Amino acid sequence: MKVYLTGTGTDGCRTLTAEAAEAIGRAELLIGAKRMLEPYADSGKQLVYLYQAERIAEALRNSPAACAAVLFSGDSGFFSGARNLLPLLDDMDVTVLPGVSSMSAFSAKCGISYENMQFFSLHGVKSNIAVHAKMNPYCFFLLGGDMTAAQVCQRLCEYGLADIQVHIGMNLGYKNETIMHGNPSDFLALPDETLSVLIAVNPDHLRYIPSAIPDADFIRGNIPMTKAEVRCNAVAAMQIHRGGICWDIGCGTGSVSIEAAFCCPDGQVFAFDQNADAVRLTMQNAQKFSCDNITAAAGICPDILHDYPAPNAVFIGGSRGNLPEIFAAVMHKNPHAKVVMTAVSLETLSQATNLFSQFCDEFDAVQIAVTRTKKVGSHTMFDAQNPVYLLSGGFKCNGL
């Protein structure tokens, strides 16, 4: 069987490429979602309404047709079902035909070039939104499922981005197409609409990954905080993946969580503290720094760790005397996790050294001694801080 995986653009027949129209004309069998096949109801071709990859592959194998076309909205290479279907058809003669994506169509309608745009699909998932809008000049969000345009705008407002510009497109290519421009706060009451896209434009986006953020920039209170000079070294030692899962145990003000969140904009940071005030403070700082990829929870570690996804990287800033149990819990979740912790007392350093030796193939211990300056009258004097030990290591594959 000859099979064409065909992108139909934003408006079916009107936005087909000539090559795609020729392939559809040649096909005896058309497969796709109902709205994709509606224009061909009177074509005399066999129409099969399916969108699940496995069921489409089964229908193709059971069909006597010599030529078939599977129709996808937009572009077959842009967040399309063609990606999942293609590997299932390795025994067939398959040609993938591109279409006009919603991204290129909507960018053209808004007069926005997309060379520097980042693309994210929120179909059926609740994804990171604000942190991407904070770190990029242009973000294209393909909406649907659990996230509506109004919910995206609500998230942007909650995380300090109420003044950026957004462009919203609904039902692109249809008779009821609607395009709106403004700030996120303008669209909090928009009706739910499945076929929506949104472009966020942030001229004041971050042009670097924040590290050693000044201590004074954080909302503080009476909660302990890992200071800037130690924090930046700790986050660097965690070797955080862009899409990684991080744990911040004993999060305090959440300063480590914030810097970790900027290192994993496609991932998640889970912050834990026994003190409910620390958890609230962490979330306040998450909102201040537009890090909506942080989730904070109050409870005793390791008891609450079992309910969260396995981490790639872990920072232990406080253990409340449960350090051995925390090490064991992390190892149980992911034997290959990278673990970093700080120690300020000899007793904690001794216990940590023994645990890293027990659990890790190898580990490093570094003493960080920071001396800051302060004004005393007309003079600038040096003010030595307490030394901090920074330990980091990776777990053995076989645990204990």
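The values are calculated or read from the model by the stated rules, or taken from the named source; none is laboratory data. Quick caveat, the model's predicted, so the values are computed rather than measured. Please note: Cβ atoms are built from the backbone with ideal geometry, for glycine as well, and neighbour counts cover all protein chains shown.
With respect to the conditions (1) at pLDDT below 95; (2) surrounded by 14 or more Cβ atoms within 10 Å (Cβ to Cβ); (3) under 22 Å from Asn171 (Cβ atoms), Phe72 lacks only one, and its number is (1). Pull up segment 81-93, narrow it to residues that are in contact (Cβ under 8 Å) with a residue 40 or more places away in the chain and not small (Gly, Ala, Ser), then point me to the one that is nearest to Leu50 (Cα to Cα). Of everything passing the filter in segment 81-93, Leu85 is nearest to Leu50 (Cα to Cα).
Evaluate segment 168-181: report whether one residue or more is in contact with a Phe, Trp or Tyr (Cβ under 9 Å, 6 or more places away or on another chain) and within 20 Å of Phe289 (Cα to Cα). No: segment 168-181 contains no residue that is in contact with a Phe, Trp or Tyr (Cβ under 9 Å, 6 or more places away or on another chain) and within 20 Å of Phe289 (Cα to Cα).
Residues being at pLDDT below 95 and over 15 Å from the mean Cα position of the chain (by Cα) are entirely absent from segment 155-165. Set side by side, the residues Leu349, Leu323 differ, and just one is surrounded by fewer than 21 Cβ atoms within 10 Å (Cβ to Cβ) and out of contact with any Lys or Arg (no Cβ under 8 Å at 6 or more places or on another chain), which is Leu349. Looking only at segment 149-166, decide whether some residue is within 30 Å of Asn62 (Cβ to Cβ), assigned to a strand (DSSP E or B) and in contact (Cβ under 8 Å) with a residue 24 or more places away in the chain. Within segment 149-166, not a single residue is within 30 Å of Asn62 (Cβ to Cβ), assigned to a strand (DSSP E or B) and in contact (Cβ under 8 Å) with a residue 24 or more places away in the chain. Screening Ser211 on (1) at pLDDT below 95; (2) surrounded by fewer than 18 Cβ atoms within 10 Å (Cβ to Cβ) shows it passes everything except condition (1).
The residues in segment 142-184 that are basic (Lys, Arg) and either buried (at least 17 other Cβ atoms within 10 Å of the Cβ) or in contact with a helix residue (DSSP H, G or I) (Cβ under 6 Å, 6 or more places away or on another chain) (or both) can be counted, and the count is 1.
Taking into account only those residues within segment 94-144 that are without any contact (Cβ under 8 Å) to a residue 24 or more places away in the chain and part of a loop (DSSP other than H, G, I, E, B), which is nearest to the chain's Cα centre (by Cα)?
Among residues in segment 94-144 that are without any contact (Cβ under 8 Å) to a residue 24 or more places away in the chain and part of a loop (DSSP other than H, G, I, E, B), the one nearest to the chain's Cα centre (by Cα) is Ser127.
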